[in-house]
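Note sheet for the following structure.
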Amino acid sequence: MEKFMRYGLSFATSLVAIVLTGQAISAENKATHALAMHGEPALPADFTHFPYANPDAPKGGMIRYCVIGSYDNLNPFILKSFRTTARGVIDVIFGNLVFESLMIRSADEPFTLYGLLAQSVEISDDRKVMTFNINPDARFSNGDAVRPEDVKFTFELYAKKGRPPYSTRMNSIEAIEISGPHTVKFIFKESADREIPLIVAMTPILSQKSIDVETFDQTTLKPMIGSGAYTVKEVRPGERITFARNPDYWGRDIPAMRGLFNYDEIVIDYFLNTNSMYEAFKKGLCAIYEETDPVKRQRAIDFPAFAEGKVVAEKFKNGIPPVPRGFLFNTRRPVFKDVRVRRALAKLYDFDWANRNLFGGQMKRTGSYFQGAELSALGVVASAGERSLLQPFAQAVTPDILDGSYRPNEGDAAVSGRKAYREALELLNQAGFELRDGRMVDANGNPFTFEILAASDLEARLAAIYQRSLARLGIVVRIRMLDDSQMQQRKQRFEFDMVYASLGFSGTLSPGTEQISRWGSEAAKTEGSFNLSGASSPAIDAAIDAMLNARSEDAYIDAVRSLDRLLISGAYIVLSQYDDQQWLAYWANYQHPEKTPLTGYYLPAWWQKPAK
């Protein structure tokens, strides 16, 4: 992975006034056109569009996306049914079609924001005061102007009735002041970290006039008012949602939006399983099909339309760490509370067999939560800064992970050999378990047994491989298949022993506040948070805090690597495998820009070829 400095991650601490319209205001104020978490933005002040967007892309046509699952809600900001909210309303894959934020993140940089609803922003050196000037042209879809009052209302409403992480953002805000007809100022608490201004800038803004505060926290199928490029055209609960491009969309000509959201209509169809969705794709009912299984890729496009050139298969390079995937322990369950138990079981995933028999040997073993990046602790000796940060929590990191000698089990002799089983058995014995008559039992003779939830055929096959490995130590594993909606409900309520899961839609080169929701102690107690594992560790909290408040590149890397060491040592997930390329098949009447951004393929920049 390239060094951080190549992505403009040097640190700056001067007072800056940041102008987001492409025009610098004065050299003495160190004005710039965007806000980067670390260092300077990659795009010049006079940029006209993102490099991964085609400003001349034709507008019009429609696209039909297909997803697995169901939906029963159009409000993505509440806890109730948020995991079954309709896709596309706010969406990291299809784009935020309905709602917008004050600034928008570039998909080609680790963490840099450019202007959207905000026309300009000024931030103090210590990042404790931030003032946004809202673009006077910004409008909601009903024609109402986006006002500072809407911004203030949004944050206060999220705090009262929103879901995590929106509900916790006011915890870092001392006050929100309306200081002009288009100006809103945020004053942050002393305890606020250095990332919170960017998180505030990316928060979707609601229309105060259109919201019923009393019923906001209730599931709804009534389309909501946003400022985005699309409005909800048709709702067929659980089956389909259709979005229509707003012909009066206010932001179509601002630099950050040029070349994006090109379709007149976007349809998202829901399917019960992958097989039915794939069959729909073959018939042209779905425009795009992504396959993560390398073996299936070779068979998936064996149908007439592909042979005739009507369907294209393409690989996209992804420049960020892979999504951490694997068998996730729910440490709220007594059987998984002891870290020695989790470390033992983490040794017994037979990656080599799975890779050889399920993936044609094309996968790589995941060993780090920031795999392949400079942030990864894998194979790296802990620096003096890391050791200082971890010193109060000496027992939380194992010696081999601290000295960089740790490697995840892989290769022909890894799990199939005796070494991993011998080490696992020793750890289980230390935790109070023993092997009696071929069964693993605790001190009271109770059998070691638990359940793995799976939501797809692939997950079930991986679970069966893991089940077989654990059976060799007398551990009884049950596998239960659920549909997508059932799985989401179980995850939301933390009602599972173990689940094959991934942490988010993508990895990151700029871990920040989202790590609190994934690993923070408070999130472990908050229903609906993304801390599925229930991790609750003062060491992890301290590492995240150090990361969010780092003022130098070295301090930031030390903090993230420390977090990586703690997560690996804590064995919260039996990390499995990854592929550093994205594979898409799509119908040839769709087209994308030549440049692929850092995060991989970017669907909001695609368009439909005009009919000849």
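Give me the number: length gained by fully extending Ile93 to Phe306, i.e. 0.36 nm times residue separation minus the C-alpha to C-alpha distance, one decimal in nm.
This chain segment gains 74.2 nm when fully extended.
Under a cut-off of 17 Å between alpha-carbon atoms, report the lysines in cross-link reach of Lys310, not counting same-chain residues fewer than 8 places apart.
Lys282, Lys283, Lys609, Lys612
Once label points are set 7 Å from the Cα along Cα→Cβ at both Leu272 and Glu495, what is their separation, rounded to one decimal in nm?
Using points 7 Å along Cα→Cβ, the separation is 2.1 nm.
At 7 Å along Cα-to-Cβ for each site, give me the label-to-label distance between Asp212 and Met481 in nm.
So the label points at Asp212 and Met481 sit 4.1 nm apart.
Can you give me the distance in nm between label points at Gln395 and Arg422, each placed 7 Å from the Cα along the Cα-to-Cβ direction?
Each label point is offset 7 Å from its Cα along the Cβ direction, giving 2.7 nm.
On a full-extension model of 0.36 nm per residue, what is the gain between Glu149 and Asp554, subtracting their alpha-carbon distance, rounded to one decimal in nm? Don't skip to the answer; put the middle values down first.
Numbers: separation 405, 0.36 × 405 = 145.80 nm, distance 4.00 nm.
Net length gain for the segment: 141.8 nm.
Could you please state, rounded to a whole Å, how far the C-alpha centre of region 77-152 is from the C-alpha centre of region 579-612?
Using only Cα atoms, the two centres lie 25 Å from each other.
Measure nothing but the geometry: give the 0 to 90° angle between the long axis through the Cα atoms of 418-430 and the longest principal axis through the Cα atoms of the chain, rounded to 10°.
90 degrees
Would you calculate, for the chain, the mean residue ellipticity at 222 nm contributed by helices, counting each DSSP H stretch of 4 or more residues as -39,500 (n - 2.57) and dividing by all residues, to the nearest 500?
-6500 deg cm²/dmol
What is the calculated FRET efficiency for Lys283 to Ala471, with r their C-beta to C-beta distance and R₀ = 45 Å, to the nearest 0.05?
About 0.60, to the nearest 0.05.
Helix 553-570: angle to the longest alpha-carbon principal axis of the chain, degrees 0 to 90, nearest 10?
Roughly 40 degrees between the two axes.
Straight-line reach from Lys364: which lysines have a Cα under 19 Å away, not including same-chain ones fewer than 8 places off?
Cα-Cα hits under 19 Å: Lys296, Lys315, Lys317, Lys347.
When the label point is put 7 Å from the Cα of Glu314 along its Cα-to-beta-carbon vector, which residues of region 78-106 have a backbone N closer than 18 Å?
93-95
Kindly list the residues of region 495-534 that lie in the label zone of Arg461, defined by a backbone N under 17 Å from the point 7 Å along the Cα-to-C-beta vector.
Answer for region 495-534: 500-501.
Where does helix 538-548 land angle-wise versus the long Cα axis of the chain, in degrees 0 to 90, nearest 10?
For 538-548 against the chain, the angle is about 30 degrees.
Which aspartates and glutamates have a Cα lying under 13 Å from the Cα of Lys337, excluding residues fewer than 8 positions away in the same chain?
By straight Cα distance, Lys337 reaches Asp497.
Could you order peptides 466-476, 112-122 by the average number of other Cβ atoms within 10 Å of their residues, highest first?
112-122, 466-476
When only alpha-carbon atoms are used, what values of Rg and Dmax, in angstrom, describe region 325-578?
Over region 325-578's Cα set, Rg and Dmax evaluate to 17.8, 57 Å.
Can you check how the C-alpha radius of gyration of region 376-470 compares to 2.2 N^0.38 Å, as a plain ratio?
1.41
Please give the peptides 147-154, 456-463 ranked by average Cβ packing (other Cβ atoms within 10 Å per residue), highest first, as a rough proxy for protection.
147-154, 456-463
How far, in nm, would the chain grow between Thr219 and Ala175 when pulled straight, counting 0.36 nm per residue and subtracting the alpha carbon separation?
Once the chain is fully extended between Thr219 and Ala175, it gains 12.9 nm.
Values quoted throughout were computed directly from the atomic coordinates according to the rules given, and no laboratory measurement underlies them. Please read all numbers here as calculations on a predicted model, not as lab measurements. As a convention, Cβ positions derive from the backbone with ideal geometry for all residues, glycine included, and neighbour counts pool all protein chains shown.
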